[in-house]
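J.: Quick one: the structure is below, questions incoming.
The values are calculated or read from the model by the stated rules, or taken from the named source; none is laboratory data. Note that this is a predicted model, so its numbers are computed, not measured. In this analysis, Cβ positions are derived from the backbone assuming ideal geometry, glycine residues included, and neighbour counts consider all displayed protein chains.
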Amino acid sequence: MAMRQEDGTFRAEADETVSLMTQAVVAAAMMRLDADAPVRRYRLIARELIDFTWREADVTNIIGVLPWLHEAERALFAADAKGGEAFAAMYPAELDNALNLLLTVQVVGEPRRAAADVLGGFDFSAADRLAPPNPDWRSAYALHALSAALGDPQLSPADRARLTDRCALAARFLAQLMFDESNSYYVRSADDTRGAVRSRLWDNQLGVTPTAASLLAVVRLNQAL
């Protein structure tokens, strides 16, 4: 709480740039402090952070914060319903719209003029939908968000089956991005690269964020199944 600034955002210093990812993660964390009966104060803070993040997010940054927004929104909705609270009783249409939009950019079926390796990935970059799909590591964020949605007990059996199939495809794509025994033979240090996730199928650069995001997404999927 010492990091909370006067405007309600969480930053290490008052002059530090506001990170939407940080606000969304803190909101989700607030709802996990006491999962059975979240303290009302924490719920109010989470609500403020969620509202702030929705206001400030746009198409350039929404994908990274969406998994944490989803975690926070689901927990807040459940806590309010359990406690009879009215201040956040409406589940936001923006969240459902964002999740449905994710499904429209996932590569399903036979890829257009591309190898089957892209199947299941999420193509956020293609302005021209006639171009070959070019999904990247940010598909991990999409899998994380959809896996959180998969844990919704109100899903119908048909919707659960459909979403499970989409999550399985996304996990398949992340496996294609990952270095393993079969494709690490040509790198300088196979032991250091196995298990790491590449940025894209054609880009062998390795960073912490793609691997960490993929790990979180797969863990969340396992929890939901």
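J.: Going by the structure shown, is Ser199 modelled with pLDDT of 90 or more, surrounded by 13 or more Cβ atoms within 10 Å (Cβ to Cβ), of a type in the set (Gly, Ala, Ser) and assigned to a helix (DSSP H, G or I)?
T.: no
J.: Now a separate question. From the residues in region 13-36 that are part of a loop (DSSP other than H, G, I, E, B) and among the polar types (S, T, N, Q), which one is modelled with the highest pLDDT?
T.: In this case the residue turns out to be Ser19.
J.: Okay, moving on. Restricting attention to region 201-214, which residues are under 18 Å from Ser125 (Cβ atoms) and in contact with a Gly (Cβ under 9 Å, 6 or more places away or on another chain)?
T.: Leu201, Ala213
J.: Kindly provide the set of residues from region 51-74 that are hydrophobic (A, V, I, L, M, F, W, C) and either in contact with a Leu (Cβ under 7 Å, 6 or more places away or on another chain) or at pLDDT 80 or above (or both), ordered by number.
T.: Within region 51-74, Phe52, Trp54, Ala57, Ile62, Ile63, Val65, Leu66, Trp68, Leu69, Ala72 meet the criteria.
J.: For region 183-196, what are the residues that are in a helix (DSSP H, G or I) and either hydrophobic (A, V, I, L, M, F, W, C) or not assigned by TED's automatic domain parsing to the domain that holds Asn134 (or both)?
T.: Ala190
J.: Here is a check on your reading of the model: is Ala88 modelled with pLDDT under 85 and part of a loop (DSSP other than H, G, I, E, B)?
T.: Taking the combined requirement at face value, the residue satisfies it.
J.: I'm trying to understand the selection: among the residues of region 208-217, which are surrounded by 13 or more Cβ atoms within 10 Å (Cβ to Cβ) and either more than 16 Å from Asp180 (Cα to Cα) or not assigned by TED's automatic domain parsing to the domain that holds Thr193 (or both)?
T.: Thr209, Ala213, Leu216, Ala217
J.: Given Ser182, Ser139, which one is polar (S, T, N, Q) and touching a helix residue (DSSP H, G or I) at 6+ places or on another chain (Cβ under 7 Å)?
T.: Ser139
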